[in-house]
Amino acid sequence: VLSVLPPSCSVAGGTEVHLDLDSDLPELSGVECVFGDARSNATVLAARSLMCGAPPALLPDSVVLAVHQGGRVLSEGACFVYMPLAVISSIAPSGGPVDGGTVVTVFGEGLAGLPGSQVLCKFGDIAVAGSPA
């Protein structure tokens, strides 16, 4: 596995993970991603590119991420990190103008160390990229 994006998610799982492989898949069907001991069916995007949904984990941990096909290990050794669930305790300010533009600060636990590419704030149906402080 050449790259894993994003390289982590919360223990809740469900994050779509993109993998770039160092060689072509022998076949384009029956491919699985294995996160530690948990399996997830892969969607093949190209001969060297996959998308897998990260399964949930019981505890925060680093696991080996491998690619299997038909019981064979095609690639292994990549690392994937399960992080604790974030718990939000407060936000400031608690409101702003309807047309948006207000910078909101989020306080809580499990927020430190989140890669900026994974930070999204959702206001109603609108998600906006956040940035770690």
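As a fraction of the 1.4 Å probe accessible area of the chain, surface on carbon and sulfur atoms comes out at 58 percent. Taken per residue, the accessible surface of the chain reaches 61 Å², heavy atoms only and a 1.4 Å probe. Report which label in (i) 2, 10, 15, 16, 12, 10, 7, 6, 6, 5, 5, 3, 3, 1, 0; (ii) 2, 10, 18, 19, 15, 12, 10, 7, 5, 3, 1, 0; (iii) 2, 7, 8, 13, 13, 13, 13, 12, 10, 5, 3, 1, 0, 0 holds the value of P(r) over Cα pairs in 5 Å bins from 0, in percent derived from the coordinates of this structure. Correct label, based on the coordinates given: (ii).
Sort 21-31, 40-50 by packing, meaning the average of other beta carbons within 10 Å per residue, with the highest value first.
Going by the mean number of other Cβ atoms within 10 Å, highest first, we get 40-50, 21-31.
Spin-label model, PHE123/ASP99: points 7 Å from Cα along the beta carbon direction are separated by 1.3 nm.
Using the Cα centre as the reference, give the magnitude of the dipole from point charges on the C-beta atoms of the chain (Lys, Arg: +1; Asp, Glu: -1; all else neutral), rounded to the nearest 20 debye.
140
Candidates GLN69, LEU50, PRO7 compared by Cα position along the dipole of the chain: farthest toward the positive end lies PRO7, with charges placed on Cβ.
The values are calculated or read from the model by the stated rules, or taken from the named source; none is laboratory data. Quick caveat: nothing in here was measured; it's all calculated off a predicted structure. Virtual Cβ from ideal backbone geometry, glycine too; neighbours counted across all protein chains shown. Accessible surface is based on the protein model in full, side chains and every heavy atom, while ligands, DNA and RNA are left aside. Shrake-Rupley method; radii C 1.70, N 1.55, O 1.52, S 1.80 Å.
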